[in-house]
1. Within the stretch 123-136, which residues are within 19 Å of P79 (Cα to Cα) and at pLDDT below 90?
2. What are the pairs with Cβ atoms under 8 angstrom where one residue, in the stretch 137-161, is touching a residue at least 12 places away in the same chain (Cβ under 8 Å) and more than 15 Å from L93 (Cβ to Cβ) and the other, located anywhere, is open to solvent by 70 Å² or more (accessible area, probe 1.4 Å) and aromatic (F, W, Y)? Sequence gap at least six, or different chains.
3. Considering only residues of the stretch 79-96 that are open to solvent by 50 Å² or more (accessible area, probe 1.4 Å) and touching a residue at least 24 places away in the same chain (Cβ under 8 Å), which is nearest to P199 (Cα to Cα)?
4. Say we look at the stretch 97-144 and pick out the residues that are touching an Asp or Glu at 6+ places or on another chain (Cβ under 8 Å) and in a loop (DSSP other than H, G, I, E, B); which of these is surrounded by the fewest Cβ atoms within 10 Å (Cβ to Cβ)?
5. I want to confirm something. Restricting to the stretch 12-43 and keeping residues that are among the hydroxyl-bearing types (S, T, Y) and either in a helix (DSSP H, G or I) or open to solvent by 20 Å² or more (accessible area, probe 1.4 Å) (or both), which single residue is farthest from V70 (Cα to Cα)?
6. Condition first: out of contact with any Ser or Thr (no Cβ under 7 Å at 6 or more places or on another chain), part of a helix (DSSP H, G or I) and open to solvent by less than 50 Å² (accessible area, probe 1.4 Å). Now tell me which residues in the stretch 44-63 satisfy that.
7. Restricting the first residue to the stretch 110-126 and requiring it to be more than 27 Å from L142 (Cα to Cα), which pairs with a second residue that is open to solvent by 50 Å² or more (accessible area, probe 1.4 Å) meet a Cβ separation below 6 Å and a spacing of at least six or different chains?
8. For the stretch 145-168, give me each residue that is of a type outside the set (G, A, S), open to solvent by 40 Å² or more (accessible area, probe 1.4 Å) and under 22 Å from L109 (Cβ atoms).
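The values are calculated or read from the model by the stated rules, or taken from the named source; none is laboratory data. Model, not experiment: these values are computed from the prediction. Positions of Cβ are backbone-derived with ideal geometry, glycine not excepted, and every protein chain shown enters the neighbour counts. Ligands, DNA and RNA are excluded from the accessible area calculation, which covers all protein heavy atoms including side chains. Shrake-Rupley method; radii C 1.70, N 1.55, O 1.52, S 1.80 Å.
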Amino acid sequence: MDPTRVDAPAGAGRILTVPNIISFARLVGVPLFLYLILVAHQQVAAVVVLALGGTTDWVDGYLARRLKQVSRLGELLDPLADRLYIFATLIALTATGVIPWPFTAALLLREVVVGATIPVLRRYGYGPLPVHYVGKTATFILLFAFPVLLLAHASAGARPVAGPAGWGLAWWGLVLYWAAGVLYLIQFIAVVRAARRRPGGGAGVPRDSAEGDEVRGDGPVPA
């Protein structure tokens, strides 16, 4: 969404909104989680912080629509908070042996593949393509799986149930995360092909994407 457009909702450029405050709070939770698990070694408290950060993933978006407080900043903060939580959790849980490095590598490889498309899109005047609902679903599942896995590691009593449940969610989230990446690559190829068909080889600011939806240079980061 671009607040400079004529059809953008009123207040699209606002900063201090309820959803944005929630997103900021989620961002603050990232270094707090890392401190609790890597420095203070307070795994139970880390589980709580991680669970709150994951379960509030949908709250900011819901309130933005409910309160009519959709903003450009909020559209950027939401996926940013999601990615920071995923990366921070991967680093911490891999360092503590909760998650094996091949699983971490599989998630990071997907980010590298998707991230490699951004310079190409910039060359044709596009920003990152819009968030896909499959990616949002995968992110939510992963953010739910990680605290369950951490709980299984921190509590011997919860391990028999939390361990299998956490890994079931984690693998499901990984598959959907890559599925969203494939869908993103398909959209990326369509956009680049359409851009190349434009006069002048496609470089410059585009008017429309391959599907007819505007993809502006300041679009949201894909999930």
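1. Just the residues of the stretch 123-136 that are within 19 Å of P79 (Cα to Cα), to begin with: 126-136.
Residues satisfying the conditions are Y126, G127, P128, L129, P130, V131, H132, Y133, G135, K136.
2. From the stretch 137-161, the pairs are F140/W58; I141/W172.
3. Of all residues in the stretch 79-96, those open to solvent by 50 Å² or more (accessible area, probe 1.4 Å) come to 80, 84, 87, 91, 95.
Of the ones still in play, those that are also touching a residue at least 24 places away in the same chain (Cβ under 8 Å) are 80, 84, 91, 95.
Details: L80: 35, L84: 39, I91: 46, A95: 51 Å.
Among them, the one singled out is L80.
4. It comes out as G127.
5. Within the stretch 12-43, the subset among the hydroxyl-bearing types (S, T, Y) is 17, 23, 35.
After this cut, where a residue has to be either in a helix (DSSP H, G or I) or open to solvent by 20 Å² or more (accessible area, probe 1.4 Å) (or both) as well, the list is 23, 35.
Values: S23: 13, Y35: 32 Å.
Per the criteria, the residue is Y35.
6. Hits for the stretch 44-63 are A45, A46, V47, V49, A51, G53, G54, V59, G61, L63.
7. Filtered contacts from the stretch 110-126: G125/V205.
8. Filtering the stretch 145-168 down to residues of a type outside the set (G, A, S) leaves 146-151, 153, 159-161, 164, 167.
Those still in the list that are open to solvent by 40 Å² or more (accessible area, probe 1.4 Å) too: 151, 153, 159-161, 164, 167.
Selection gives W167 alone.
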